[in-house]
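The values are calculated or read from the model by the stated rules, or taken from the named source; none is laboratory data. Please read these numbers as outputs of a predicted model, since none were measured by experiment. No Cβ is skipped: glycine too gets one built from the backbone with ideal geometry, and neighbour counts run over all protein chains shown.
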Amino acid sequence: MTIRYRTWLGLGGNIGEPIQAMAEALQALHARDDTRVAAVSPVYRTPPWGKTDQAWFHNACAQVETSMLPEDLLAVCLDIERHMKRERIERWGPRIIDIDVLVYENWKPVESPKLTLPHPRMTERAFVLVPLSDIAPDLVVNGKRVAEWAASCDRTGIEKAREDAGWWLESRAE
């Protein structure tokens, strides 16, 4: 891997074993020759957002170094979701896994039919900002540091579910 971009991903799920699903997704990314997972936040248990009549979520964020351009990374993330049997039935509905490309460092904003960067609603979502502030508090998004966005968001109900830094490296119990 020669060209490296630093990017941040948001991960979550509320069906089955979401912590294991997020770990599996991160391991799949890390196993690629063109991508390396550099940092992962603790896991948070979070109330549903947008569609509130469903189970609570588990969420985390990851810093990834990659040689892929943003739309290529998004395509890989969507392939991982499909491989893990993610079904897109309703917007903001229940899911096994969700992987969002949040922001690329030093990248001009992107608006295409497939991808918007920075992620258009990330600064409204505590389930993104709280874990992201654990690994990238000084990252600037839309003119403010992530730590500032996180300090001003409603954290009601958000609690740490896993604090150990290597939670995503645990091998799957078969």
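This table checks each residue for (1) at pLDDT 90 or above; (2) of a type outside the set (A, V, I, L, M, F, W, C); (3) outside any loop (DSSP other than H, G, I, E, B); (4) surrounded by 12 or more Cβ atoms within 10 Å (Cβ to Cβ).
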{"site": "Leu102", "(1), (2), (3), (4)": "yes, no, yes, yes"}
{"site": "Lys108", "(1), (2), (3), (4)": "no, yes, no, no"}
{"site": "His119", "(1), (2), (3), (4)": "yes, yes, no, yes"}
{"site": "Phe127", "(1), (2), (3), (4)": "yes, no, yes, yes"}
{"site": "Leu132", "(1), (2), (3), (4)": "yes, no, yes, yes"}
{"site": "Asp138", "(1), (2), (3), (4)": "yes, yes, no, no"}
{"site": "Glu148", "(1), (2), (3), (4)": "yes, yes, yes, yes"}
{"site": "Cys153", "(1), (2), (3), (4)": "yes, no, no, yes"}
{"site": "Gly157", "(1), (2), (3), (4)": "yes, yes, no, yes"}
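With the structure loaded, tell me whether Leu169 is within 15 Å of the chain's Cα centre (by Cα) and more than 21 Å from Ala55 (Cβ to Cβ) or whether it fails that test.
On the way: within 15 Å of the chain's Cα centre (by Cα): no; more than 21 Å from Ala55 (Cβ to Cβ): yes.
Answer is no for this residue.
Considering only residues that are crowded, with 23+ Cβ neighbours inside 10 Å and modelled with pLDDT of 95 or more, look in segment 30-56 and name the one that is farthest from Leu69 (Cα to Cα).
Tyr44
Just to be sure, is Ala75 over 25 Å from Asp134 (Cα atoms), assigned to a helix (DSSP H, G or I) and among the aliphatic types (A, V, I, L, M)?
yes
Restricting attention to segment 1-25, report how many residues are out of contact with any His (no Cβ under 8 Å at 6 or more places or on another chain), surrounded by fewer than 23 Cβ atoms within 10 Å (Cβ to Cβ) and either under 21 Å from Val141 (Cα atoms) or not charged (D, E, K, R) (or both).
Residues flagged as out of contact with any His (no Cβ under 8 Å at 6 or more places or on another chain), surrounded by fewer than 23 Cβ atoms within 10 Å (Cβ to Cβ) and either under 21 Å from Val141 (Cα atoms) or not charged (D, E, K, R) (or both) within segment 1-25 amount to 10.
Being in contact (Cβ under 8 Å) with a residue 60 or more places away in the chain, among the charged types (D, E, K, R) and over 19 Å from Val103 (Cα atoms) narrows it down to one of Arg45, Arg6, so name that one. If you could, list the steps in order and put the result at the bottom.
Working: Arg6 fails: over 19 Å from Val103 (Cα atoms).
Only one candidate passes the filter, namely Arg45.
From the list Arg45, Arg95, Arg36, Arg82, pick out the single residue that is in a helix (DSSP H, G or I) and farther than 24 Å from Gly143 by Cα.
Within the list Arg45, Arg95, Arg36, Arg82, the selection yields Arg82.
Cβ-Cβ under 8 Å, sequence separation 6+ or interchain: first residue in segment 132-148 and within 15 Å of Arg6 (Cα to Cα), partner of a type in the set (S, T, N, Q). Which pairs?
As it stands, the answer is Leu132/Ser41; Ile135/Ser41; Ile135/Gln63; Ala136/Gln63; Val141/Thr123, since those pairs meet every condition given.
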